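Notes follow once the structure below has been shown.
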Amino acid sequence: MIRVIMSGCCGHMGQVVTEIVEGREDMEIVTGFDVYDSGKTRYPVFASPADCDVEADVVIDFSSVKALDGLLAYCVEKQVPAVLCTTGYTQEQLDQITAASEKVALLKSANMSLGINLLQALLKEAAKVLAPAGFDIEIVEKHHNRKLDAPSGTAIALADSINEAMDGAYEYTYDRSREKKSRDKSEIGISAVRGGTIVGEHEVIFAGLDEVIEFKHTAYSRSIFAKGAVQAAAFLAGKPAGYYGMNDVIQL
């Protein structure tokens, strides 16, 4: 039985993960971390990881970027691997995660869905063919009006996949309104839309001479992210120290 700690357990995603884990026979949530205990969980909730005295095999984190320091300290000290699903980390925080992964197993992904991670692999192959042929590349992402970071971590991850395939040949453009000039061939434009209750939509456009190729992923429910996180936790439990990604889970 894999013993799970749910970080951010009283939030919406924490509750979705809890429901999914309760439906599995090989996994159970033994405790949770959250600054506010809503009383909705069937397990104990600690306001801080430092207060936790419950043994566990892996942490699933859907909390806040502000919780990172305490979470990493706990994971390193207790040697408990963690699946980091929170987005919006600063570069300094990303460096912290990289450093901590040398001491404990950490898995981070901008998007936990199987479809997005498959899309990243497909984009690498598409870029190798279409970019040298002169196709312009644009990414449009749409999310609900409560999402704080823009562009989304997933949009940046998709751009990174393309850029990796092209040996870092591209720079990212987020706001063309600042300068009036024609589009540069060495850029990937990333546009963010925020409105309503859109769960998540990412469209990657390869626009060439007289033809356009589009890759699109639409999330209709946040449960796809929770399912991926649970799958990642089952993979990560017991793994040695290292920095893992969803590509390791689905073996792309």
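The values are calculated or read from the model by the stated rules, or taken from the named source; none is laboratory data. Keep in mind that this is a model prediction, so the values were computed, not measured. Here the Cβ positions follow ideal geometry from the backbone for every residue, glycine too, while neighbour counts run over all protein chains shown. These area figures cover heavy atoms from the full protein model, side chains too; ligands, DNA and RNA do not enter into them. Shrake-Rupley method; radii C 1.70, N 1.55, O 1.52, S 1.80 Å.
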Given charges at Cβ of Lys, Arg, Asp, Glu: region 121-177 dipole, positive-most of Ala121, Gly153, His143 = His143
Scattering curve values for region 184-252, log₁₀ I(q)/I(0), Debye with Cα scatterers, q = 0.13, 0.28 Å⁻¹ = -0.65, -1.24
State the antiparallel share, in %, of DSSP beta bridges confined to the chain, rounding to the nearest 5.
-> 35
So, with a 1.4 angstrom probe, what is the percent of accessible area on the chain that is carbon and sulfur?
-> 50
Ranked by GNM mean-square fluctuation in the chain (Cα springs under 10 Å), the top entry among Ala155, Ala237, Ala169 is Ala169
For Thr90 and Glu25, what is the calculated FRET efficiency with R₀ set at 35 Å and r taken between the beta-carbons, to the nearest 0.05?
-> 0.35
In terms of solvent-accessible area of protein heavy atoms at a 1.4 angstrom probe, what is the ranking of Lys124, Lys66, highest value first?
-> Lys66, Lys124
If we count every other residue with Cβ under 15 angstrom of Tyr89's Cβ, Lys/Arg +1 and Asp/Glu -1, where does the sum land?
-> -3
Would you kindly derive the ³J(HN,Hα) couplings of region 40-51 from the backbone phi angles with the Karplus curve 6.51 cos²θ - 1.76 cosθ + 1.60 (θ = phi - 60°), listing them in order in whole Hz, with x for Gly and Pro?
-> 8, 8, 9, 10, x, 10, 9, 6, 9, x, 4, 8
Highest GNM mean-square fluctuation among Ser48, Ser63, Ser101, for the chain with Cα springs under 10 Å, belongs to Ser48
Options (1) 20.8, 67; (2) 19.2, 62; (3) 18.9, 66 for Rg and Dmax of the Cα atoms in Å; the value derived from the coordinates is listed as (2)
Percent antiparallel among DSSP beta bridges confined to region 1-151, nearest 5, equals 0
Search the structure for amide H atoms under 5 Å from the amide H of Thr173, placed 1.01 Å from N in the peptide plane, and list their residues when 5 or more places away or on another chain.
-> Ile188, Gly189, Ile190
Expressed as a whole number of Å, what is the distance separating the alpha-carbon centroids of region 50-72 and region 147-203?
-> 31
Restraint check, Lys40/Lys227; Lys180/Lys216; Lys124/Lys185; Lys142/Lys227; Lys40/Lys239, Cα-Cα greater than 24 Å = Lys180/Lys216; Lys40/Lys239
Determine the per residue accessible area of the chain with all protein chains present and a 1.4 angstrom probe, expressed in square angstrom.
-> 51
Mind grabbing the base-10 log of I(q)/I(0) for region 109-221 at q = 0.22 Å⁻¹? Debye formula, identical points on the C-alpha positions, no solvent, two decimal places.
-> -1.29
Would you tally the net charge around Asp34, using a Cβ to Cβ cut-off of less than 15 Å, leaving Asp34 out, and scoring K and R as +1, D and E as -1?
-> 0
Identify which of Glu77, Glu211, Glu179 has the largest mean-square fluctuation in a Gaussian network model of the chain, with springs joining Cα atoms closer than 10 Å.
-> Glu179
